[in-house]
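**Student:** Here you go, one structure.
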Amino acid sequence: MNASRESILVLRAVCEAEGAGLGQRALAELVDVSLGKVNALVKEAMAQGLLEKASASSASSASSASSASASGGGYVLTDAGRDSLEPYRVDNAIILTAGFGSRFVPFTYDTPKGLLKVNGQPMIERQIEQLHEAGITDIVLVVGYLKEKFDYLIDKYGVKLLFNPEYAVKNNFASVYHAREHLKNTYLLVADNWFRDSIFHSWEPVSWAGCTYHEEATKEWGVTLGTHGRITHIDAASDDAWALNGPAYFTEGFSHKFSRLLEEAYARPGTDDYYWENVLMENIKGLEIYANRQDAHVVYEFESLEEIRGFDESYTQETDNEILRRIAETFGVPQGEITGIRPLKEGMTNQSFVFHVESGPYVFRLPGKGTEELLSRKFEKRSYELVAPLDIADELVYFDGDSGVKISRYYEGARVYDAYDDSELKRAMELLAKIHGAGIKAEHRFDIAEMIDFYCGLAERIDAVRFSDYSEVREKVGELTAFRKRLAIPEILCHIDYVNTNILWLPDGGARVIDWEYSGAADPIIDIAMGAIYSYFPRERADLALSCYLGREPERLETARLYMYMALAGFLWALWCQYKQGLGEEFDDYPLIQYRYMKDYYNILKEEGFLDE
C-alpha cells in the first residue's frame, strides 16, 4: 500500500507542477521520501508507461502526452498516467460550520465562527476558494447556528447547505452523522481553520488526518504514528507530540466503513458530547488512516479571540463589534485592552462572558432573544438599587434598563453552592433569611398567578403547548392560585431565581447573590420553593430547606405554602420552556421535570388535606 501511495504522490506532483521544471530532488521533497526512493519510483512509473521524460514527449508529435498540459519540467504524464490517477480523484468536500463558536465571543453572538474574517476575508470563503483552485466544487456546508447567514454562499460559490437539527445539543459528531450520505472521496473540514497555503489536491491516494507538531503541552487530540505515518493510537496530547489539527480526507472505502461506525455510535447512549474524532479514536485499530503532517505556520486552528488578535492585528483595533465598543466606552479604554475573554456557561435566559481590563475581571451579560417579552429590565435595575445597602448582590458597573445589558464584577475564585451538601444548604437558607429579614418593599411584584397566565398566553399563541393533559392541569393551577389568594401573605422583595448557580461563596468567606432579573415583591417562601425545584429536590430535602430557613420546624401552613409554590413554579417554568421551545430552543428533560413538580405537589396538597385548611 505504501509503494502505491508514494507512486500516486509522484504522479500527482508531476501533474500539478504544470511546467514548473520539477526534478527528482524537488519530487523527493514533495513526496517526503529520499532521493534514492524517488529515483526508483520514477523509474518504475516510466517502466509502466505512466511517466515520460519531457524531452521525449516533445520529440514525438505522435505522443498524446506532448499535447497535455501536465508537464513537470523533467517529466510528463502519459494518458495511462492520467488514467491511473482517476480512482483517487477527490469527489467533494464537507465543511462543518454548525456550532456557536463560544471561543470567539462576543463576535459570534451575531456572526457564525466560519464567517469571521481573517485578513479581511471570511475563513470559510478562503477554504472554498482554495478548494475551487484544486477543482473541487461540490462543497457541502453543514450549518446550524445562524444558518441563514450562510445563504449568500450558495449564490457566490454554488455550495450546498445541510442543516444539522441537533447543533445546539450535540458536538460536531452529529454534523458528520447528518452529512454521512455525502461521504465519498471527501475532504472533511472545519470552518474555523485558516490555511496560509492550500492543502488541497485534485487527487488523494489514502485517507489522512491533518496533524501539527506541538513542542509544548496542548489539549488537542494526540496521535501515535506507526509505519509510514499510519495513525495507530489517538489520545489526549501532551508536549513533544503530533496532534490532530482539524482537516481530514476520507477515501470512499474509508467513508463507507466510517459511516457505519457513525451510525452505531449515534444509536448508542452517551455520545451527545462526541466529536467525530471520538469515533475515529475508538475504532482506530480497524481504520487505515495516515498523518498528513503539516507545518504549524500553514494550518491555523484559532483557539480564542486572543489567538486571532495575535494573527490579525485588525482585531486589536477599534472593531465594529457593538459589545466591545460598549465595554471600551464604559471603562474608557481601547478595544485592544479588553483581554482574557472567555464564555461562561450559558443560562437559559442570557449569554455571558468574562473579560479583563486593567481594573480587573468583569462579566458582560447579553440578554437572550425574546427575553424582552418575559422580563422587565427596568424592574431588575430597581431591584439592584433596593438591595444595594445589603452589599449582597453582584457589583454593577453598567446596566442598561432598556436592553438589559449588564456589566458586573467577576468574582475570581468564587464557587457556586452545593445544594446537596447539608451545611451549604443551611448557609444558603440562612443567607436568604437575612435578605428577607431586611423587609425590603418593592413597587414591582412577581405575581406568580399573573405570570402563569402570561406564559400560558404566549405558549398558546404560537401553539407550543405539548402536554396532553394541559387543560386538566390548568384547572388544578386555578385551585392553587385561589388557595394562595385566600392566604393573603404580606409581600417583600424576593429574588425568585434563587438557584444554586446564582449563589456564590467567595474565597474570603463572603457570599454574593447574583442575577436579580426575575425579582419582585412576593411571598418570601417562594424563593425556597424556586431553589428546591431548580435543584430537583425530593420532598424531604425541600422540607429540610424550609426548616433551615426558618431556624425551626415549620408550621403546617408554612409547609403548605412551600408545596403550593413548588407546584405553581413547576407549572410556570414548564410553560416558559414550552414557549421557548416553540421559538426553536430545546431544554432536554427540564420541562418534564418541572411539569411533574406541578402534578406531584398538587396531589400531595390535595391528598394530605392542605388545601382544606
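Read-outs: derived from the displayed coordinates by stated rules, not from any lab. Keep in mind that this is a model prediction, so the values were computed, not measured. We place every Cβ from the backbone using ideal geometry, glycine too, and count neighbours over all the protein chains shown.
**Student:** Which three lengths, in whole Å and largest first, does the range 136-278 cover when its Cα atoms are put on their principal axes?
**Tutor:** That works out to 43, 39, 31 Å along the principal axes.
**Student:** Going toward the positive end of the dipole of the chain, with +1 on Lys and Arg Cβ and -1 on Asp and Glu Cβ, which of 428, 109, 388 do you reach last?
**Tutor:** About the Cα centre, the residue reaching furthest to the positive side is 109.
**Student:** Under unit Cβ charges (Lys, Arg +1; Asp, Glu -1), what dipole magnitude, rounded to 20 debye, does the chain have relative to its Cα centre?
**Tutor:** On the way: 63 positive and 98 negative charges, 128 e Å.
I would put it at about 620 debye.
**Student:** Output the pairs from 485/606; 113/257; 147/170; 160/580 with a Cα-Cα distance over 22 Å in this structure; if there are none, say none.
**Tutor:** Violating the 22 Å Cα-Cα cut-off are 113/257; 160/580.
**Student:** Counting helices only, and only those DSSP H runs with n ≥ 4, report the 222 nm mean residue ellipticity of the chain as the sum of -39,500 (n - 2.57) divided by its residues, in deg cm²/dmol to the nearest 500. Mind dumping the intermediate values first?
**Tutor:** Numbers: 21 runs with 243 residues, N = 613.
Calculated from helices alone, the mean residue ellipticity at 222 nm is -12000 deg cm²/dmol.
**Student:** With every atom except the alpha carbons ignored, what do you get for Rg and Dmax of the chain, in angstroms?
**Tutor:** 31.2, 110
**Student:** How large, in Å, is the range 517-613 by the Kirkwood hydrodynamic radius built from its alpha-carbon pairs? Please list the in-between numbers first.
**Tutor:** Details: mean 1/r = 0.0717 Å⁻¹.
Roughly 13.9 Å, rounded to one decimal.
**Student:** Could you tell me which residue out of 248, 23, 598 lies farthest along the dipole of the chain toward its positive end? Charges go on the beta carbon: Lys and Arg +1, Asp and Glu -1, centred on the Cα centre.
**Tutor:** 23
**Student:** Output needed for the range 395-520: three equivalent-ellipsoid semi-axes, defined as square roots of 5 times the C-alpha gyration tensor eigenvalues, in descending order, whole Å.
**Tutor:** Whole-Å semi-axes of the equivalent ellipsoid: 31, 19, 17.
**Student:** Moving on to the next point. Could you tell me the center-to-center distance, by alpha carbons, between the range 559-587 and the range 289-338 in angstrom?
**Tutor:** Result: 40 Å between the Cα centres.
**Student:** Mind listing which trypsin sites (Lys or Arg not before Pro) in the range 156-256 are in a DSSP loop and have 13 or fewer other Cβ atoms within 10 Å? Don't skip to the answer; put the middle values down first.
**Tutor:** Numbers: sites: 156, 160, 170, 180, 184, 196, 219, 230; in loops: 170, 184, 196, 219.
Sites meeting the loop and neighbour criteria: 196, 219.
**Student:** Okay, next question. Restricting to Cα atoms and excluding each atom paired with itself, what does the Kirkwood estimate give for the range 157-229 in Å?
**Tutor:** 15.6
**Student:** Run the numbers on the chain and let me know its relative contact order in percent, using alpha-carbon pairs under 8 Å that are six or more apart. Don't jump to the answer; show the numbers that get you there.
**Tutor:** Numbers: 1044 pairs, mean separation 53.0, N = 613.
Value for the chain: 9 percent.
**Student:** Let me ask something else about it. In debye, nearest 20, what is the charge dipole magnitude of the range 540-588 about its Cα centre with +1 on Lys and Arg Cβ and -1 on Asp and Glu Cβ, if you could check? Could the numbers behind the result be given before it?
**Tutor:** On the way: 5 positive and 8 negative charges, 36 e Å.
In debye, rounded to 20, the range 540-588 gives about 180.
**Student:** Expressed in nm², what is the orientationally averaged projection area of the convex hull enclosing the Cα positions of the range 265-345? Each step should come with its number before you reach the end.
**Tutor:** On the way: hull surface 35.7 nm².
One quarter of the hull surface, i.e. the mean projection, equals 8.9 nm².
**Student:** If every alpha-carbon in the range 282-417 counts as one equal scatterer, what log10 I(q)/I(0) does Debye give at q = 0.10, 0.16 1/Å?
**Tutor:** Those come out to -0.48, -0.94, one per q.
**Student:** May I ask you to derive the FRET efficiency for residue 217 and residue 426 from their Cβ-Cβ distance with R0 = 41 Å, giving the value to the nearest 0.05?
**Tutor:** Values: r = 41 Å, r/R0 = 1.01.
The formula returns an efficiency of 0.50 here.
**Student:** Shifting gears a bit: Report, to the nearest 10°, how far helix 422-437 tilts away from the longest principal axis of the Cα atoms in the chain, using its own Cα long axis and a range of 0 to 90°.
**Tutor:** Roughly 60 degrees between the two axes.
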